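**Q** Have a look at this one.
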Amino acid sequence: MPAPESVSIVLSGEASAVVVISDTPSPVSTLAAEELVAHVEKASGVALPVVSESEVAETGNLSRIFVGTTAAANALGIDAEALKDDAFVLRSDGGDLYIVGKEDEEDYHDRGLNGTLYGVYEVLHRYLGVRWAWPGPLGLFVPQADDIAITEPVDEAQEVRFRIRYFRFSHIRNVANAAADGREPSPEGLNFSAPVVQEYWADKETFMRRHRLGRSGTRYNPGHRFHGWWEEYGEKHPEWFMMHEDGQRGYVHDVPPYGASSSPAHVPMCVSNPDLHRYIVEEAWGGGDRLSLGEVDRRGVCQCEGCLAWDGPQPEPSEYPHSVRMDYEPQVVSDRYAKFWKTILEMAVERNPDVTITTFLYWSYFPAPIEPIELGPQIYGEFVPWTGPAAWVPMSDKLDAWLREQWLGWYDTGIRLAYRPNMFHGGYVMPYFSTRQAGDFFKFAYEHGLEALDFDSLFGHWATRGPMLYMYLRLATHPEMDIEALRQEYFSVFGPAAEQVEHYFDYWEAHAHGIAERADRLAAETPEEGFCPHTGFFAELFPARSIQSYIEYPPEVFDEAKSLLDEALEIAQDHPLDEFAERIHFLQAGLENARLSAAFWEAYDNDQELVPERAQALIDFRREHEHLYFADLNDASHREPQSGFDGIVH
């Protein structure tokens, strides 16, 4: 028998609680109650009754779980409207539980107010041990229990730690929507089939909701503000745009960093130009609370005397890792852009004292400023590592230390900081990931000003990089959590084989770090002509290049990994619940997809006669196992044609 003050939910396989909602519940509260009931039923086989508040009679020994705004919650002084966006209150009282959050009257939306729903997810995770490891039914882990209770008093209010918790997903949503309209995903064969991609998107959307991803307030999107300005203003005001080394302004067809393959839409600005400053503040900006100064998405900067004077002294090459030299080419311009942002801010506050300047910290203005400068909290910068080997996670220990120096340098200017990495664009379908190094950097950033997350993108290679993906999703809600504790949460979904699965992923994490260290050493040994002076990336390196995956993942490394999973499967198969063995099969599918993909690229690079056979083997495997969601086949398939798959598999 539970203690009188305990909130008893299920007792001896019988319902010992009733879920109570308002007589006029919001859509979010209704969904929250449904999620609570569904997960309790999966844990215990017991379906809790849901009643409206006016229908609640004497419940005897039954606990009441009040979900959302109710008269009973109001009587306890729980004022949802006084909470911040997406915040919630958990409170136990006399054997009852109150889950109350700030909501609006709309259906669930990741930009809406979902506090009550987030409160339910906190209860499920904390007290029922629910884990959402990857999208779909197999990724849902709910420990079985005949008794479910909250035995300690609860009285807390929880706010979101990051106003923006965003992992970009439009790539898969757009494909799923196109499939719903009757268009087959392309390239056919390598990608999900049309029915499965729709199922995957629906399950992924639910998964992201359960991890509380979204926006609690306005997103300060820097954008590429000056994209297209040359086409609009270049003829009349060429002096607003970058000067090349030969003195020409703006877009020059055959001069780097443009050349024949680039666009006149991507022409950087002459940021020291006072007339440009005046036009931005007085004409281009409407006077609102945000003023974007995000530069165009192109390397290359103005070489006029005014801009060069704003740069300050340049670092010696020995002062930075050779592999990130692209952030110092043709020169470091962080000081220049910092002065630009500060100049615009000082002008803009005369028009709107509450304005916030938004920008990227990117390309050659990614390194921290060389000279001290105070920028203050009205400048918001998104930290975008796009720096050769330092763009990918893991990276060498030397690059990890360098990255922290850049974060600290910007933090010391007083600006507000968001983390906007591109790391998931590298690694292809391979088990290239990090938990410890990546988690430590995240927590370091959180301790030094991190306030928002915008990851590009949530490519779900769930069976090969699952621990890292899970870690980031959990840190988005609970950045204070210990990294090792988060790792163990993930491994726990494999039940009796948790220890063996941990060994398996530790094997791959160590391998990935070895790749990162070798890439850094190779960069240090690369002669100057091995670097492009305007893009900086040295060619043909994994994880940026899918075609090189077979070099870093030769057959023997897959053999060792397979033996580790075979051991895990042997243990999992002895458990009476089939789900643990099925999750090992899920990992095996990810491993086999990686092996077949590496084998294809090995043939493509060395023996063209083997290409059709290996391509077909990969297609057949993906079609047979796509329902497992072991990898984001849409992401994989679109990286493959770019490197030579196109025309072979159609």
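**Q** Given the residues E199, E239, E235, E231, which is the only one that is of a type outside the set (A, V, I, L, M) and under 20 Å from E626 (Cβ atoms)?
**A** After ruling out the rest, the residue left standing is E199.
**Q** In this structure, does E231 turn out to be among the acidic types (D, E), farther than 30 Å from L458 by Cα and either assigned to a loop (DSSP other than H, G, I, E, B) or out of contact with any Cys (no Cβ under 8 Å at 6 or more places or on another chain) (or both)?
**A** Taking the combined requirement at face value, the residue satisfies it.
**Q** Let me ask something additional. Go through (1) crowded, with 20+ Cβ neighbours inside 10 Å; (2) without any contact (Cβ under 8 Å) to a residue 40 or more places away in the chain; (3) over 22 Å from D520 (Cβ atoms) one by one and return the number of the condition V384 breaks.
**A** Result: V384 passes all but (3).
**Q** Applying the selection to segment 418-436, what residues are in contact (Cβ under 8 Å) with a residue 40 or more places away in the chain and crowded, with 21+ Cβ neighbours inside 10 Å?
**A** Once the filter is applied, which keeps residues that are in contact (Cβ under 8 Å) with a residue 40 or more places away in the chain and crowded, with 21+ Cβ neighbours inside 10 Å, segment 418-436 yields A418, R420, G427, Y428, V429, M430, P431, Y432, F433, S434, T435.
**Q** Could you check segment 411-521 for helices (runs of 4 or more DSSP H) lying wholly inside it with 3 or more residues that are closer than 23 Å to L138 by Cβ?
**A** Where helices (runs of 4 or more DSSP H) fall fully within segment 411-521 and carry at least 3 residues being closer than 23 Å to L138 by Cβ, they are 462-475, 483-492.
**Q** Here's a follow-up. Determine whether segment 90-102 contains at least one residue that is over 29 Å from the mean Cα position of the chain (by Cα) and over 24 Å from E159 (Cα atoms).
**A** yes
**Q** Moving on. Right, P143: within 30 Å of A73 (Cβ to Cβ), in a loop (DSSP other than H, G, I, E, B) and out of contact with any His (no Cβ under 7 Å at 6 or more places or on another chain) or not?
**A** Considered against the rule, which asks whether it is within 30 Å of A73 (Cβ to Cβ), in a loop (DSSP other than H, G, I, E, B) and out of contact with any His (no Cβ under 7 Å at 6 or more places or on another chain), P143 comes out as yes.
**Q** Condition (residue is outside any loop (DSSP other than H, G, I, E, B) and over 30 Å from M395 (Cα atoms)) applied to segment 313-331: is it met by at least one residue?
**A** Looking for residues that are outside any loop (DSSP other than H, G, I, E, B) and over 30 Å from M395 (Cα atoms), one finds none in segment 313-331, hence no.
**Q** Among the residues of segment 100-118, are any in contact with a His (Cβ under 9 Å, 6 or more places away or on another chain) and at pLDDT 95 or above?
**A** no
**Q** I would also like to ask the following. Quick check on R126: is it basic (K, R), without any contact (Cβ under 8 Å) to a residue 24 or more places away in the chain and either in contact with a strand residue (DSSP E or B) (Cβ under 8 Å, 6 or more places away or on another chain) or surrounded by fewer than 18 Cβ atoms within 10 Å (Cβ to Cβ) (or both)?
**A** So R126 fits the description; yes.
**Q** Of the residues D289, D335, D327, D354, only one is at pLDDT 95 or above, under 20 Å from H244 (Cα atoms) and of a type in the set (D, E, K, R); which?
**A** Of the residues listed, the single one that is at pLDDT 95 or above, under 20 Å from H244 (Cα atoms) and of a type in the set (D, E, K, R) is D335.
**Q** Working carefully through the options L90, L117, find the one that is part of a strand (DSSP E or B) and buried (at least 19 other Cβ atoms within 10 Å of the Cβ).
**A** L90
**Q** Among E81, E105, E159, which is surrounded by fewer than 18 Cβ atoms within 10 Å (Cβ to Cβ), under 25 Å from P479 (Cα atoms) and either charged (D, E, K, R) or not assigned by TED's automatic domain parsing to the domain that holds L48 (or both)?
**A** Unique residue meeting the criteria: E159.
The values are calculated or read from the model by the stated rules, or taken from the named source; none is laboratory data. The structure displayed is predicted, hence computed values, not measured ones. For neighbour counting, all protein chains shown are included, and Cβ atoms are generated from backbone atoms with ideal geometry for every residue, glycine included.
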